[in-house]
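S.K.: Sending over a structure as C-alpha cells; questions will come in a sec.
The values are calculated or read from the model by the stated rules, or taken from the named source; none is laboratory data. Every value quoted in this text rests on a predicted model; they were computed, and no experiment measured them. Ideal geometry is used to build each Cβ from the backbone, glycine not excepted, and the neighbour counts take in all protein chains shown.
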Amino acid sequence: MLPLSYSLRNLGRFPWKTLQMVLGSTIVVFLIVSASAFNRGITACLSVTGDLNNVIVLGAGSEESIQRSEIARIAPDILASSIREIRRVLDKPAVSSEVYYMGMAALSDAPKKNWPAIYRGVTWNALNVHRNIVITEGRFPGPSEVMVGRQVARYMGVKDSDLAIGKSILFEGISYSIVGQFQGEGTMMEAEVWMDINDLLTASKRETVSCATISLSRPQDFDAISLFCMQRLDLELSAIREQAYYASLSNFYQPIRLAVWLTALLISIASVFGGINTAYAAIIVRRREMAALQVIGCSRVALIFSILVESLIINLIGAFVSLSIASAWLPSIHISFSTGVFHMIVDNHTLILGFLSAGIMAVAGIIMPAWGCLKPTIVSSLRST
Amino acid sequence: MKSQSSPIIISCRNLTKSYYKGDTVVTPLENLDLDLEKGRFLALMGPSGSGKTTLLNIIAGIDSPTSGSITINNQEISRMSRSQLTRWRGKSIGYIFQLYHLIPVLTAYENVELPLLIQKISRSEREKRVLNVLELVGLEDRMSHFPRQLSGGQEQRVAIARALVTDPMILVADEPTGDLDAASAQNILSLLRQLGHDLHKTIVMVTHDVKAASYADLTLHLEKGKLIESSPL
C-alpha cells in the first residue's frame, strides 16, 4: 500500500479543486442532514403528542380530524358517569371536554393584523388528562382569559414578548388577557392557545364540543370505552387512542416527508455528478504518475485504495463541517405546520446518516475517475499528455 | 550476444507485437529473437517507430507480446497475469524514465523509499537501502528535497536510485538522457555504466543518441520491428 502521507499531500496539490470538493461534500451532507432533521422533527413532534392511557372520543365518522368532529355537550358527562375504568383524580373522573378550533388572532398592539392560531377550549380537568402539560408561568385561564403554549409565538409568527403575560389577544373581535404560559414536552399542544371552553363555544358560535379526552387507569381499558361508544348509538361516538390519532396524523404528513427526502436526494445526486467531474479532473492529470507507480510495482488495488483515502478525507472534512453547522444551527429552527410547530432534530441518527452519506459519496465519487485513470494500459497511460 | 562466461538473463523467441490503430494493423515488433547475458549493458537504437521502446516495455513487463515468448531469468513473463507482472516488476525490474516520473509530493528520500514500501520491507531495512543508493548516486545531501527543488540531472539520479533500491536483476532505461543537457547526460550515462559494472546489473537502454549508446557494452539496431544489426564494443 502507498503511504498515507502520499494521499494527504496529494490533497494540497490542487488546493482549489480540493476546496471545491470539500464544499460540494459539505453542501450535499448538509442537505441530507437537513432532510433527516426535518423528518425526525415532525415525526418526533407527532409521536410524543399522545398519552398511552388517553382516549379521544370523537363524533362517529370524524376519526381522522378533531377539527371536523362534533359531539353533544353532554356526552363527556355521560362518559364520565358511565365508565368505571376512567382514572379518577381527587375523586373526579379524568374526562376533558374540549373544543378544537383553528382561527385567527390579532394582537392588542396591532388589532388590524391577523395571524393564524389554534384554540383549544378546555376546563380545569384538561390538566388531569393531558399530564404532560405544565403551566410554567402564570395560571390557568378563567373567562375572558387565555394561556399560551411556548410555541404559539412561532406558530403565529410573532415575537415571544407579544404574547407575554399581561398582554392580550383579539379573537373574533373580543379581547382575551394572557394569564399563563405552558409547555408540553414538545407536543403539538405547545402551539395552542388554551381558553375557557364556554368562551370558545361562544366565540366560535358552536353548540357542540369537538371531543372528550379521557384518561384511563390502564391502557388496556380502552375496550370499555369502545364498547360504550358502540352501545350508545344515540350519541354517535367513536373512540380512538390518543397515540393512534396522532400516528394517523403522522401518516397524513408522509407525502411531505417523502417530498423532502426526494428533493434532497435529487439535489445530492446532481451534486455528486458535479463532484465526479471535479474528481475526474483532479485524478486524470495524475494518470502518468499512476502508470509510473504501477511500473515500480504498485498494484491497481493499492492505487484505488490511495485515491479512496483521498476521497474519504475530503468527504469526511465536508461531513465534519456540515454536521458542525447542522448541530449548531438546525435545532434552533422551528417550523410551523397546520397543526403545530416542531423543531429540527439533529441526533445520533442524523450524525451517523451524515457520515454515512459522506462515505457513500467518497466511494461513488471516485469510481469513475479511478476507472478512467487505471483502466488503460500502463503504456498508453505513460504516453498520455 | 552470447558468451560462454555469463548465463542468459533475457531470452526472446519469435517476439511479435501488433495492435490496431484505427483500421490499420501496426506491428512494431516482428518475430524478434534476442538473447542477452547477465551483467551486460545493452543499448537499443533505431528510428522512431522501429519498436525499440516496445521491446523495452515488453522486457520490463509493462507491455505484453501478441505472440512469441520472453523469458527473463528462466521465468516466462509473457504468460503472467497483470497482477503477477506487477509483483514481478516490483522485485525484478528497475525502470528509469525519460521524464523521471518522480512523485512531486514526496521528497527524494520518500521517492526512493516508495518501491520498498510497496514490497513491505521493514523500516530499518528501508532506511539502510535508501541511504545506500542515494549515496551511490551522490545525492545523500538532497534527500529531503522535493523534485521541484532539484535540477533535471538530480531528478534523474533520484529516479536511478529508485530503480536500484529494490536490487533488481535488470535496469531498463527509456531515453534516460533525453531531457537533460549534455553535461548532465554524460554524468548520468557514466553513472549507469559504473553502477552496471559495480553492481553487476543487466542494463537495457533505449536511445537515439549514438554518443549515449557508446556507454553500452553492445548496441542493437532495430528497424520496422526487426533486428538489423548488432555492434559489440
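S.K.: Scan A:ALA110, A:ALA164 and give me the residue that is surrounded by 14 or more Cβ atoms within 10 Å (Cβ to Cβ), more than 22 Å from A:THR339 (Cβ to Cβ), free of Cβ contacts under 8 Å to residues at least 40 places away in the same chain and out of contact with any helix residue (DSSP H, G or I) (no Cβ under 7 Å at 6 or more places or on another chain).
M.R.: Result: A:ALA164 is the single residue among A:ALA110, A:ALA164 that is surrounded by 14 or more Cβ atoms within 10 Å (Cβ to Cβ), more than 22 Å from A:THR339 (Cβ to Cβ), free of Cβ contacts under 8 Å to residues at least 40 places away in the same chain and out of contact with any helix residue (DSSP H, G or I) (no Cβ under 7 Å at 6 or more places or on another chain).
S.K.: Something else now. Considering only segment B:58-68, how many residues are more than 12 Å from chain A (Cβ to nearest Cβ) and outside any loop (DSSP other than H, G, I, E, B)?
M.R.: The initial filter retains those residues of segment B:58-68 that are more than 12 Å from chain A (Cβ to nearest Cβ), namely B:59, B:65-68.
Right, trim to outside any loop (DSSP other than H, G, I, E, B) and you get B:59, B:67-68.
Total meeting the criteria: 3.
S.K.: Determine, yes or no, whether A:SER226 is surrounded by 15 or more Cβ atoms within 10 Å (Cβ to Cβ), within 14 Å of chain B (Cβ to nearest Cβ) and in a helix (DSSP H, G or I).
M.R.: Considered against the rule, which asks whether it is surrounded by 15 or more Cβ atoms within 10 Å (Cβ to Cβ), within 14 Å of chain B (Cβ to nearest Cβ) and in a helix (DSSP H, G or I), A:SER226 comes out as no.
S.K.: Mind listing whichever residues of segment A:97-113 are among the aromatic types (Phe, Trp, Tyr) and touching an Asp or Glu at 6+ places or on another chain (Cβ under 9 Å)?
M.R.: Hit for segment A:97-113 is A:TYR100, nothing else.
S.K.: With the requirement that a residue be within 11 Å of chain B (Cβ to nearest Cβ) and over 14 Å from A:ASN10 (Cα atoms), what does segment A:277-298 give you?
M.R.: Result: A:ARG288, A:ALA291, A:ALA292, A:LEU293, A:GLN294, A:VAL295, A:ILE296, A:GLY297, A:CYS298.
S.K.: Return a yes/no flag: does segment A:366-381 have any residue that is in contact (Cβ under 8 Å) with a residue 24 or more places away in the chain, farther than 22 Å from A:ARG13 by Cβ and in contact with a Lys or Arg (Cβ under 9 Å, 6 or more places away or on another chain).
M.R.: Looking for residues that are in contact (Cβ under 8 Å) with a residue 24 or more places away in the chain, farther than 22 Å from A:ARG13 by Cβ and in contact with a Lys or Arg (Cβ under 9 Å, 6 or more places away or on another chain), one finds none in segment A:366-381, hence no.
S.K.: Let me ask you something else. Quick one: count up the residues across segment B:92-135 that are among the aliphatic types (A, V, I, L, M), surrounded by fewer than 24 Cβ atoms within 10 Å (Cβ to Cβ) and part of a loop (DSSP other than H, G, I, E, B).
M.R.: Matching residues across segment B:92-135 total 5.
S.K.: Check segment B:21-29 and report whether any residue there is surrounded by 15 or more Cβ atoms within 10 Å (Cβ to Cβ), within 12 Å of another protein chain (Cβ to nearest Cβ) and β-branched (Val, Ile, Thr).
M.R.: Checking segment B:21-29: not a single residue is surrounded by 15 or more Cβ atoms within 10 Å (Cβ to Cβ), within 12 Å of another protein chain (Cβ to nearest Cβ) and β-branched (Val, Ile, Thr).
S.K.: For segment B:31-57, which positions are assigned to a strand (DSSP E or B) and crowded, with 17+ Cβ neighbours inside 10 Å?
M.R.: Across segment B:31-57, the qualifying residues are B:LEU32, B:LEU34, B:LEU36, B:GLU37, B:PHE41, B:LEU42, B:ALA43, B:LEU44, B:MET45.
S.K.: Name the one entry in B:LEU99, B:LEU55 that is within 20 Å of B:ALA212 (Cα to Cα) and within 12 Å of the chain's Cα centre (by Cα).
M.R.: None of the others qualify; the one that does is B:LEU55.
S.K.: Just wondering, is there one or more residues in segment B:110-133 that are small (Gly, Ala, Ser), away from chain A (no Cβ under 13 Å) and touching an Asp or Glu at 6+ places or on another chain (Cβ under 9 Å)?
M.R.: For segment B:110-133, residues small (Gly, Ala, Ser), away from chain A (no Cβ under 13 Å) and touching an Asp or Glu at 6+ places or on another chain (Cβ under 9 Å): absent.
S.K.: Further question on the same structure: Across segment A:7-36, what is the total count of residues that are of a type in the set (A, V, I, L, M) and assigned to a loop (DSSP other than H, G, I, E, B)?
M.R.: Taking segment A:7-36 and keeping what is of a type in the set (A, V, I, L, M), we get A:8, A:11, A:19, A:21-23, A:27-29, A:31-33, A:35.
After this cut, where a residue has to be assigned to a loop (DSSP other than H, G, I, E, B) as well, the list is A:11.
So the count comes out to 1.
S.K.: Restrict the check to segment A:369-379 and report whether at least one residue is within 22 Å of A:TYR6 (Cβ to Cβ) and polar (S, T, N, Q).
M.R.: Applying the first criterion (within 22 Å of A:TYR6 (Cβ to Cβ)) to segment A:369-379 yields A:369-376, A:378.
Checking the rest, the ones that are also polar (S, T, N, Q) come to none.
Within segment A:369-379, none of the residues are within 22 Å of A:TYR6 (Cβ to Cβ) and polar (S, T, N, Q).
S.K.: Is it the case that A:SER25 is at pLDDT below 90 and more than 14 Å from chain B (Cβ to nearest Cβ)?
M.R.: no
S.K.: Still on this structure: For segment A:329-363, what are the residues that are touching a helix residue (DSSP H, G or I) at 6+ places or on another chain (Cβ under 6 Å) and within 29 Å of A:TYR280 (Cβ to Cβ)?
M.R.: Of everything in segment A:329-363, those that are touching a helix residue (DSSP H, G or I) at 6+ places or on another chain (Cβ under 6 Å) and within 29 Å of A:TYR280 (Cβ to Cβ) turn out to be A:LEU353, A:GLY354, A:PHE355, A:SER357, A:ALA358, A:MET361, A:ALA362.
S.K.: Moving on. Here is a list: A:ALA302, A:ALA326, A:ALA370. Which entry is at pLDDT 95 or above and either touching a helix residue (DSSP H, G or I) at 6+ places or on another chain (Cβ under 8 Å) or within 14 Å of chain B (Cβ to nearest Cβ) (or both)?
M.R.: On the way: A:ALA302 fails: at pLDDT 95 or above; A:ALA370 fails: at pLDDT 95 or above.
Just a single option satisfies the conditions, and that option is A:ALA326.
S.K.: Now for a different question. What's the total number of residues in segment A:116-137 that are in contact with a Phe, Trp or Tyr (Cβ under 9 Å, 6 or more places away or on another chain) and buried (at least 18 other Cβ atoms within 10 Å of the Cβ)?
M.R.: Matching residues across segment A:116-137 total 9.
S.K.: Yes or no: segment A:27-41 includes at least one residue that is closer than 28 Å to A:ILE256 by Cα and touching a strand residue (DSSP E or B) at 6+ places or on another chain (Cβ under 8 Å). Let's see the steps before the verdict.
M.R.: Pass one, segment A:27-41, residues closer than 28 Å to A:ILE256 by Cα: A:27-41.
Narrowing the set further to residues that are touching a strand residue (DSSP E or B) at 6+ places or on another chain (Cβ under 8 Å) leaves A:38, A:41.
Yes, because at least one residue in segment A:27-41 is closer than 28 Å to A:ILE256 by Cα and touching a strand residue (DSSP E or B) at 6+ places or on another chain (Cβ under 8 Å).
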